[in-house]
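Take a look at the structure below.
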Amino acid sequence: MYSFSRNTLSLISLVLSFAGTSQVYAADTTSGTLMGTDGKSHGTVTVTDAPKGVLLRIVAEDLTPGWHGMHFHEKGSCTPPKFTSAGGHVHAVTPVVHGLLTPNATDAGDLPNLYVAKDGTATVELYSTLVSLHGAGGRPALKDTDGSALVIHTSPDDYVSQPIGGAGARDACAALN
């Protein structure tokens with residue numbers, strides 16, 4: 001038999017009453033498999049809704065080492081080997097002006113470059129204020145009727161050249177539906 005003091009019982013009662021009313025909310029996310037031009041899985045991409053933007057997490061393997069441009073694309077389709085089914089960059093206005101370093105940029109698909117280590121792996125988390133999952137704050141929605149995609153390019157993005165910063169061909173793609 002257990003013996004509790006009056007203060008201990010009051011504390012247990014208080015904790016139990018809060019435990020019954022507390023709620024945990026799951027974050028709104030979308031994710032996809034990162035496909036290579038070979039049609040095989042090369043990792044995962046997860047996008048989580050966040051205040052005033054999204055949090056992007058990429059875990060990749062078997063990619064070419066070095067810097068790679070990456071962008072959110074307008075369609076949730078990744079047909080290898082060229083991934084043109086993903087369409088152009090996500091945007092809310094036209095004409096689309098590319099470049100994180102361009103003063104009048106309107107390209108909501110712009111993201112920082114991804115660094116892939118010598119062993120072909122990359123793990124990164126970053127925050128983008130240019131998009132949202134559902135169109136919050138007037139930003140383009142990644143989870144609209146046709147979804148979106150994250151595309152990793154062969155070369156780094158210079159953040160100013162039009163239309164894609166000189167990032168080159170599409171190396172990997174993850175459909176986000």
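Every condition in (1) more than 22 Å from residue 31 (Cα to Cα); (2) modelled with pLDDT under 95 is met by residue 135 except one, and the failing one is (1). Can you name the residue in region 140-157 that is without any contact (Cβ under 8 Å) to a residue 12 or more places away in the chain and assigned to a loop (DSSP other than H, G, I, E, B) and is also surrounded by the fewest Cβ atoms within 10 Å (Cβ to Cβ) among such residues? The residue in question is 145. For the subset of region 106-139 comprising residues that are within 21 Å of residue 48 (Cβ to Cβ) and of a type in the set (Ser, Thr, Tyr), which member is surrounded by the most Cβ atoms within 10 Å (Cβ to Cβ)? Here the answer is 132. Considering 38, 62, 49, 110, the condition of being touching a strand residue (DSSP E or B) at 6+ places or on another chain (Cβ under 6 Å) and charged (D, E, K, R) is satisfied by 62 alone. You will find that of 110, 62, the residue that is modelled with pLDDT of 95 or more, touching a Gly at 6+ places or on another chain (Cβ under 9 Å) and at positive phi is 62 and no other.
The values are calculated or read from the model by the stated rules, or taken from the named source; none is laboratory data. Since we're looking at a predicted model, the values are computed, not measured. Counting neighbours? That spans all protein chains shown, and the Cβs are built from the backbone with ideal geometry, glycine included.
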